[in-house]
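**Student:** Have a look at this one before I ask anything.
The values are calculated or read from the model by the stated rules, or taken from the named source; none is laboratory data. Values in this document were obtained by computation on a predicted structure and should not be read as measured data. Heads up, the Cβs are rebuilt from the backbone with ideal geometry, glycines too, and the neighbour counts pull from every protein chain shown. Side chains included, ligands, DNA and RNA excluded: accessible areas come from the protein's heavy atoms. Shrake-Rupley method; radii C 1.70, N 1.55, O 1.52, S 1.80 Å.
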Amino acid sequence: MVRRLTVLSGGMGGARFLQGLLHGIAAGTLPGVAADAEVTVIANTADDIWVHGLKVCPDLDTVMYTLGDGIDPERGWGRREETWSAKEELAAYGVEPTWFGLGDRDIATHLVRTQLLEAGYPLSDVTTALSQRWLAPRYGERLRLLPMTDDRVETHVAIADPDEPSGRRVVHFQEYWIRLRAQVPAEVVVVVGVENSTPAPGVLDAIAGADVVVLPPSNPVVSVGTILAVPGLRDAVRAAPGRVVGLSPIVGERHVRGMAEQMLTSIGVEVSAAGVGLNYGARERGGVLDGWLIDERDAGLLPRITDAGLACAAVPLMMTDHDATAAMAAAAVGLVRP
């Protein structure tokens with residue numbers, strides 16, 4: 001019986017997967033998973049950015065807001081029923097960056113987080129405090145949200161710029177995603193500070209104590225990849241006593257949402273369900289996975305994946321609603337459950 005699950009999550013894709021997973025646990029539609037199963041989320045913090053003196057943690061907030069029913073369902077990020085008066089006033093003053101908008105409701109979260117950080121509390125403690133509003137009322141002690149590290153880590157992207165002596169310039173990941181809309185080829189992805197970071201308290205224990213570790217359909221380079229880049233974390237997944245399963249973010253050689261294609265290209269990984277799965281690799285061959293779930297449209301890739309040492313199955317992987325996503329979670333757990 002699966003009683004503890006740990007999920008390495010990015011933002012939108014990871015949050016929507018978690019919705020379905022928790023829905024399936026509550027509805028009893030995940031065979032072999034206990035009705036009171038505990039879920040720990042280890043969230044990517046390499047997307048974090050300081051804006052107007054405030055610490056913004058996009059992936060942590062997207063998970064909190066989504067699971068706490070405060071997310072804007074159309075955008076998939078930020079607060080629902082948001083207003084933008086502060087953003088408009090800052091723009092009127094000509095204060096940069098104008099391309100990164102903080103909603104009036106969302107600012108409250110960033111203010112609280114920044115005040116607590118400046119008072120000396122680590123990000124993990126601050127996240128626990130913020131979760132008391134968003135997660136505890138619904139899930140109690142059965143759901144924990146942890147940042148991957150308490151240390152400052154930020155993803156930057158090198159892009160071509162003929163006006164620079166090197167022919168390149170480096171922009172923060174948020175600028176690449178929001179201002180440039182990921183429409184400029186990413187030449188190199190640099191995760192600043194990750195080599196000197198350490199896993200946040202509770203992260204390694206959550207991996208070691210899990211019956212199943214899940215890599216959801218989050219970006220494999222700048223979400224799950226940055227989590228695994230924290231020193232000691234990849235080794236912890238490789239050594240996990242439980243089983244490790246991942247779900248492909250690529251369906252029919254295209255990402256479902258986001259920029260996985262651009263990021264995979266920047267690190268020389270084939271943009272396909274097989275390419276991502278083989279990049280993660282089988283644990284028995286030095287990778288991090290025991291099983292890899294792909295979409296039914298990519299069923300022709302099954303032999304290539306299984307030949308690489310991974311258990312694999314092809315099922316519908318579109319998160320159209322909570323039931324469909326719960327079915328994905330059930331298939332993932334079922335693929336690796338003893």
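**Student:** Could you tell me which of Gly76, Met1, Val112 has its Cα farthest along the dipole of the chain towards the positive end, charges placed at Cβ (Lys, Arg +1; Asp, Glu -1), taken about the Cα centre?
**Tutor:** About the Cα centre, the residue reaching furthest to the positive side is Met1.
**Student:** Oh, and also: Would you mind checking which residues have amide H under 5 Å from Val7's amide H? H placed 1.01 Å from N; only 5 or more apart, or other chain.
**Tutor:** Residues meeting the criterion, in which the H sits 1.01 Å from N, are Thr40, Val41, Ile42, Val214.
**Student:** Could you point to the residue in Leu264, Leu143, Pro185 farthest towards the positive end of region 118-265's charge dipole, with +1 and -1 charges on the Cβ of Lys/Arg and Asp/Glu respectively?
**Tutor:** Positive-end residue among those listed: Leu143.
**Student:** Which residue, chosen from Gln132, His156, Pro97, occupies the Cα position most advanced towards the positive end of the dipole of region 73-159, where the dipole is computed from +1 (Lys, Arg) and -1 (Asp, Glu) charges on Cβ about the Cα centre?
**Tutor:** Sorting the options by dipole projection puts first Gln132.
**Student:** Whole number please: convex hull volume per residue of the Cα set in region 277-337, in Å³?
**Tutor:** Cα convex hull per residue, to the nearest whole number: 72 Å³.
**Student:** Got a sec to turn the phi values of region 308-324 into Karplus ³J(HN,Hα) couplings, 6.51 cos²θ - 1.76 cosθ + 1.60 with θ = phi - 60°, whole Hz, x for Gly and Pro?
**Tutor:** 8, x, 9, 5, 8, 9, 10, 9, x, 10, 8, 8, 6, 7, 5, 5, 5
**Student:** With +1 on each Lys and Arg Cβ and -1 on each Asp and Glu Cβ, how big is the dipole of region 62-187 about its Cα centre, in debye rounded to the nearest 20?
**Tutor:** Dipole magnitude for region 62-187 comes out near 460 debye.
**Student:** Carbon and sulfur: what percent of region 15-64's accessible surface (1.4 Å probe)?
**Tutor:** For region 15-64, the apolar C and S fraction of the accessible surface comes to 52 percent.
**Student:** Continuing with this model, one more query. Specify the inter-centroid distance of region 1-74 and region 82-120, based on alpha-carbon positions, in whole Å.
**Tutor:** 23 Å
**Student:** Can you give the Kirkwood hydrodynamic radius for region 230-311, in Å, rounded to one decimal and based on Cα pairs?
**Tutor:** Kirkwood radius, region 230-311: 13.1 Å.
**Student:** On to the next question. Dipole size in debye (nearest 20) for the chain around its Cα centre, Lys and Arg Cβ +1, Asp and Glu Cβ -1?
**Tutor:** Using only the charged Cβ atoms, the result is roughly 700 debye.
**Student:** Would you list Cys312, Cys57 from the most to the least accessible area, probe 1.4 Å?
**Tutor:** Largest accessible area first, the list is Cys312, Cys57.
**Student:** Which shape class applies to region 163-271: rounded if a/c is under 1.5, otherwise prolate when a/b exceeds b/c and oblate if not, where a ≥ b ≥ c are the square roots of the Cα gyration tensor eigenvalues?
**Tutor:** Cα axes put region 163-271 in the oblate bin.
**Student:** Could you size up the charge dipole of region 1-81 around its Cα centre, putting +1 on the beta carbon of Lys and Arg and -1 on that of Asp and Glu, and report it in debye to the nearest 20?
**Tutor:** For this selection, approximately 160 debye.
**Student:** Quick one: accessible surface of His23, probe radius 1.4 Å, all protein chains present, in square angstrom to the nearest 10.
**Tutor:** Surface accessible to solvent at His23 totals approximately 60 Å².
**Student:** Report the per residue volume, in Å³, of the convex hull enclosing the C-alpha atoms of region 24-172.
**Tutor:** That works out to 166 Å³ per residue.
**Student:** Enumerate the calculated ³J(HN,Hα) couplings along region 22-35 in order (Karplus 6.51 cos²θ - 1.76 cosθ + 1.60, θ = phi - 60°), each rounded to whole Hz, writing x wherever the residue is Gly or Pro.
**Tutor:** So the J values, rounded to whole Hz, are 5, 4, x, 4, 5, 7, x, 9, 10, x, x, 9, 5, 5.
**Student:** Divide by every residue of the chain the summed helix terms, -39500 (n - 2.57) for each DSSP H run of at least 4, and state the resulting mean residue ellipticity at 222 nm, rounded to the nearest 500 deg cm²/dmol.
**Tutor:** Details: 13 runs with 119 residues, N = 338.
Only helices count here, giving -10000 deg cm²/dmol.
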